[in-house]
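The values are calculated or read from the model by the stated rules, or taken from the named source; none is laboratory data. These numbers come from a predicted model, not from an experiment. Note that we place each Cβ from the backbone using ideal geometry, even for glycine, and neighbour counts take in every protein chain shown.
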């Protein structure tokens, strides 16, 4: 009986730009966090309740008195148990109840990169690499009428086809052969408080949003595994009938990811930039040009925009079809999209805390992929 050992790779992940992967939770000013002497202090509610009890103020806390009114100047110590962690900088808004978008962290408030986030980006890259062979020609009628699930039929055609009738069964989805672990947590708790804004094509910015982010220059490790049994077993091949092109693409995963990212970087290079934003993008391009054969760049998390999670380049190839997609799915907030118009016209970008000028893209990673077994 043949024994199949999974093929495992170590992924060394470097953040080239700030990375935000949210939890959906917001932190409220004066309740979940407070500011003091240029820092943002995130409160440990249980520790504060114990302290309030010791001080005879538990009733006040139960009545909804903001945490900021229960703290004393002497409480603000970096190693104080009253605070889960402390961020450099303060949010711009001083209004009680203003929010910070929380970053995903483990139980010890150490940030990490979920494996599902990277796997989703790799899935899109694989889909793009297969699009010429599997999705030509494609029709608007092939798309799901619900905007949220529009691409599902194309995904099934590329990653499950030619097995008609099985597209809804996850057991026949080729991506199940690929597993990506969560990253190691950053035990140094390197967190940044950044301002992000929607930046239009010519540089106009909207209202800023406050985010927690993993800053650039942080290195974490992840593990990627190919399920060798699913890829090579004659029984699986006979039952599921994955063709040879799919395993071959997995073996060339850095190339697949780089082809996807190259197209995205080429499109992004057309966007007007100046000052720190221009320099930061040039740094990404230098990393791109200086990468080794086992390295790839990819964008994950919040801020990549519509075209980081879709087959944007494929859909845009036919301007008439693409205009129908934008209008049919109401992707514009107002107006009618015309063939040849630019889409998307804006991007979420880190902006300066003082000058509101664009400074950095979000979520670009450089990853080294090394086989370990």
*Take region 195-225 and flag every residue that is under 30 Å from residue 95 (Cβ atoms), assigned to a loop (DSSP other than H, G, I, E, B) and in contact with a strand residue (DSSP E or B) (Cβ under 8 Å, 6 or more places away or on another chain).*
203, 206, 207, 208, 215, 216
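Between 321, 330, 316, 251, which is in the same structural domain as residue 209 (by TED's automatic domain parsing), touching a residue at least 60 places away in the same chain (Cβ under 8 Å) and under 20 Å from residue 128 (Cβ atoms)?
Just one listed residue meets the conditions, 321.
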*In region 189-205, which residues are within 20 Å of residue 19 (Cα to Cα) and without any contact (Cβ under 8 Å) to a residue 40 or more places away in the chain?*
none
_I'd like to verify a number: residues in region 162-199 that are surrounded by 19 or more Cβ atoms within 10 Å (Cβ to Cβ) and at pLDDT below 85, how many?_
2
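Okay, residues lined up against (1) in contact (Cβ under 8 Å) with a residue 40 or more places away in the chain; (2) in contact with a strand residue (DSSP E or B) (Cβ under 9 Å, 6 or more places away or on another chain); (3) in the same structural domain as residue 180 (by TED's automatic domain parsing):
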site	(1), (2), (3)
258	no, yes, yes
261	yes, yes, yes
267	yes, no, yes
271	yes, yes, yes
281	yes, yes, yes
290	no, no, yes
293	no, no, yes
299	yes, yes, yes
*Of all residues in region 333-365, how many are more than 25 Å from the chain's Cα centre (by Cα), surrounded by fewer than 16 Cβ atoms within 10 Å (Cβ to Cβ) and in contact (Cβ under 8 Å) with a residue 12 or more places away in the chain?*
4
*Scan region 233-242 residue by residue and report those that are loosely packed, with under 15 Cβ neighbours inside 10 Å and in contact (Cβ under 8 Å) with a residue 40 or more places away in the chain.*
241
*Determine whether residue 259 is under 19 Å from the mean Cα position of the chain (by Cα) and part of a helix (DSSP H, G or I).*
yes
_residue 310 vs. criteria in contact with a strand residue (DSSP E or B) (Cβ under 8 Å, 6 or more places away or on another chain) and either surrounded by fewer than 19 Cβ atoms within 10 Å (Cβ to Cβ) or not assigned by TED's automatic domain parsing to the domain that holds residue 193 (or both)_ = no
*Could you list all residues from region 333-367 that are out of contact with any helix residue (DSSP H, G or I) (no Cβ under 9 Å at 6 or more places or on another chain) and within 29 Å of residue 294 (Cβ to Cβ)?*
362
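Rundown of residues vs (1) over 29 Å from residue 219 (Cα atoms); (2) without any contact (Cβ under 8 Å) to a residue 40 or more places away in the chain, yes/no style:
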residue: 18; (1), (2): no, no
residue: 30; (1), (2): yes, no
residue: 74; (1), (2): yes, yes
residue: 92; (1), (2): no, no
residue: 100; (1), (2): no, no
